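Taking it in order: structure first as structure tokens, then the write-up.
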Amino acid sequence: MSWKENYQVWQDNKDLDAELRTELDALAGNNQALEDAFYAPLEFGTAGMRGVLGVGLNRMNIYTVRQATAGLASFMHTLDKEVRDRGVAISYDSRHHSQDFAFEAARVLGAAGIPTYVFESLRPTPELSFAVRHLHTYAGIMITASHNPKQYNGYKIYGEDGAQMPPKESDLITKYIRQIEDVFAIEVADKDALIADGTLKVIGGEVDQAYLDELKAVTINRELVAEEGKTMKLVFTPLHGAGAMLGEKALRQAGFEDFTLVPEQAQPDPDFSTVKLPNPEDPDAFDLAIKLGKKEGADLLVGVDPDADRLGAAVRQPDGEYKLLTGNQIAAIMLNYILTAHKQAGSLPANAAAVKSIVSSEFATKVAESYGVEMINVLTGFKFIAEQIKHFEDTNAHTFMMGFEESYGYLVRPFVRDKDSIQSLVMLAEVAAFYKKQGKNLYDGLQELFQKYGYFSEKTISHTFDGISGADQIKALMTKFRNEAPDSFGGQKVAVLEDFELSTKTFADGHSEEMTLPKSNVLKYILEDGSWIAVRPSGTEPKIKFYIGTQADSQEASLAKRDNFEADINAFVNA
């Protein structure tokens, strides 16, 4: 149907949610806004769906949440009853309508006879991943838009292993979602009736404690933490999200006592009123933490995003100012400590392995190789790291030591199968304690790694293309890079072009080899000096992303290369 026909269907619905009715009435006559809200359904992909809150089938609202959940319910009804009766765990973050959407999903599943386990209040994404495994449910739903601005929300489906639903099952769910023609006809049960008959169970403290019990295994050197944890000063900010309660308990349980939550950001706030973006990748998000850190004389500042799966950090420099670490730097310094501590304790397995995405730095790879540890590369998306963990368990081929993505996501212990900022918070604090005992801090530790392995610098550039034509513009840019890209960037020749969609690796002399990773719309240019550039469309936002990784003998040279590559990329995009 056309956007006007879709709009008319919603306009004619006399039972439309009152808040959405008010918004729809306010859009009357604004054809541009109406077209954007009604031209197509909100896209549901392998990462679920994410979009602006509001009225319309291209928005996040109770009806699009019902539709996505009805698709999941239809898929689950193709499974054995015993499997289906294991049910679905549901969690949510601090965003507008997150709790509403969580219970709305439970009402749809309940009407379909599927049990649900819904958290009593907001909980982090990693705890949802854990809850799926702990409760042995078949699936999980997380209501979150991660680090997006306040006007967004989203919906992610997890599989029975606690990882995001695999592509095969996700594609089937998408098929069922698309078969639903009338979102207003989806049956929903009464929430109180579902609770009364036990179909909907409200969960909380028991799962929290089970997660915290598993978290004890993240700490490697308990004596070190006991010695340094009482006096090492930390500042922690949950950025108005779901990480405060578990983060605070996790730090205390591990033995860190001298930490302070940023008071202005300690409570949930769907408007994220103290930051432009609730994203620990954004330097501005640390403004209040830095201010408090200077007052407290903190060694380490740590921030997590609203659903507490990503972690960023800043460390005090010799002049008393704070320097933000990149996700790649945090990963390298954590992996270095994990391998060092296990080697010193005699507990480093002979078949140890780490896992990272193809767009993450080779810095951590150098660290791993120096310990004889294999680094395995996977496609972007933490579910691919989770796949490797399962493969390790099935085959005993490797022992998992750590997984990470450059976008500030890390996993230390596999009782969770998604990135976990609570685990990372405890581990990074231990790393800081390791350096504190030597009279150093994380900044000093990072400089030592640079001197040992070389200077690495990375940057991610995003170009956003909103609206109806955005997808076509992104597709055209990918085609341009695939077919017309220059043979050099920043004066460095392209040595290898990896096309993950065609599964080909093409060398400068023209010969090519087949690649073994699954197909994905990603290009990676490996340059003659070992630097690299990757190009891929975002799976959750209307963006095309460019990843740059450089290495050199000095920080200055590494940064200069990065800037030159960025200039050439932008020139090619805009040509």
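The values are calculated or read from the model by the stated rules, or taken from the named source; none is laboratory data. Remember, predicted model here, so these are calculated numbers, not experimental data. Methodologically, a virtual Cβ is constructed for each residue, glycine included, from the backbone with ideal geometry; neighbour enumeration extends over all protein chains shown. Protein only, heavy atoms only, side chains kept; ligands, DNA and RNA dropped before computing areas. Shrake-Rupley method; radii C 1.70, N 1.55, O 1.52, S 1.80 Å.
A few remarks follow.
- Loop GluC sites (Glu not before Pro), the stretch 514-556, which have at most 16 other Cβ atoms in a 10 Å radius of their Cβ (DSSP): Glu528
- Taking only the C-alpha atoms of the chain, the Rg (one decimal) and the largest Cα-Cα distance, Dmax (whole number), read 23.8, 71 Å.
- Only protein atoms count toward the accessible area here, which uses a 1.4 Å probe; on the stretch 1-108, the carbon and sulfur part of that area reaches 46 percent.
- A full extension of the chain between Phe507 and Glu528 corresponds to an added length of 6.5 nm, given 0.36 nm per residue minus the alpha carbon distance.
- When its C-alpha radius of gyration is set against 2.2 N^0.38 Å (N residues), the stretch 417-575 gives a value of 1.24.
- With helices as the sole contributors, the chain gives -12500 deg cm²/dmol at 222 nm; each DSSP H run of n ≥ 4 counts as -39500 (n - 2.57), and the sum is divided by every residue.
- Among the listed pairs Lys323/Lys452; Lys175/Lys519; Lys156/Lys436; Lys383/Lys452, those with a Cα-Cα distance over 30 Å are Lys156/Lys436; Lys383/Lys452.
- Residue-level accessible surface for Arg59, protein heavy atoms, 1.4 Å, Å²: 40 Å²
- Surface share of carbon and sulfur [accessible, 1.4 angstrom probe, percent] for the stretch 443-539: 47 percent
- Projecting the Cα atoms of Ala364, His398, Gly381 onto the charge dipole of the stretch 355-404, computed from C-beta unit charges around the Cα centre, puts Gly381 farthest toward the positive end.
- Cα-based equivalent ellipsoid of the stretch 35-191: semi-axis lengths in Å, sorted from largest, via gyration tensor: 21, 18, 14
- Cα centre as origin, Lys/Arg/Asp/Glu Cβ charges: the stretch 480-523 dipole, Debye: 140 debye
- Shape of the stretch 511-575, Cα gyration tensor, a/c cut at 1.5: oblate
- As a ratio to 2.2 N^0.38 Å, the alpha-carbon radius of gyration for the stretch 42-129 is 1.08.
- In terms of Cα atoms, the Rg and Dmax of the stretch 473-520 work out to 11.7, 31 Å.
- Here the spin labels are modelled as points 7 Å beyond Cα on the Cα-Cβ line, and at Val496 and Asn483 they lie 2.7 nm apart.
- Mean projected area of the Cα convex hull of the stretch 7-78, taken over all directions, amounts to 5.4 nm².
- Per residue convex hull volume, Cα atoms of the stretch 214-267, in Å³: 67 Å³
- The residues of the chain present an accessible area of 40 Å² per residue when probed at 1.4 Å with all protein chains retained.
- Segment Thr78..Ala345, full-extension length gain: 91.2 nm, with 0.36 nm per residue of separation and the alpha-carbon distance subtracted.
- Rg over Rh [alpha-carbon atoms, Kirkwood Rh] for the stretch 321-406: 0.98
- The stretch 188-296: translational diffusion in µm²/s, Stokes-Einstein, Kirkwood Rh over Cα pairs, 37 °C, 0.692 mPa s: 200 µm²/s
- For trypsin sites (Lys or Arg not before Pro), the sites in the stretch 446-548 that DSSP calls loop and that have at most 14 other Cβ atoms within 10 Å are Lys519.
- Cα shape, the stretch 409-466, gyration tensor, a/c 1.5 rule: oblate
- Distance from the alpha carbon centroid of the stretch 315-382 to that of the stretch 556-575 works out to 26 angstrom.
- Computed FRET value (nearest 0.05) for Asp271 with Lys440, which takes r as the C-beta separation and R₀ as 51 Å: 0.85
- Heavy-atom accessible surface of the stretch 202-339: percent carbon and sulfur, 1.4 Å: 47 percent
- Reciprocal mean inverse distance between Cα atoms of the stretch 226-384 - Kirkwood radius, Å: 17.0 Å
- Flagged links, alpha-carbon separation over 21 Å, of Lys356/Lys419; Lys216/Lys440; Lys480/Lys543; Lys524/Lys545: Lys216/Lys440
- In plain terms, the bigger the Kirkwood radius, the slower the diffusion; for the stretch 106-197, with that radius from Cα pairs, at 4 °C and 1.567 mPa s, Stokes-Einstein puts D at 88 µm²/s.
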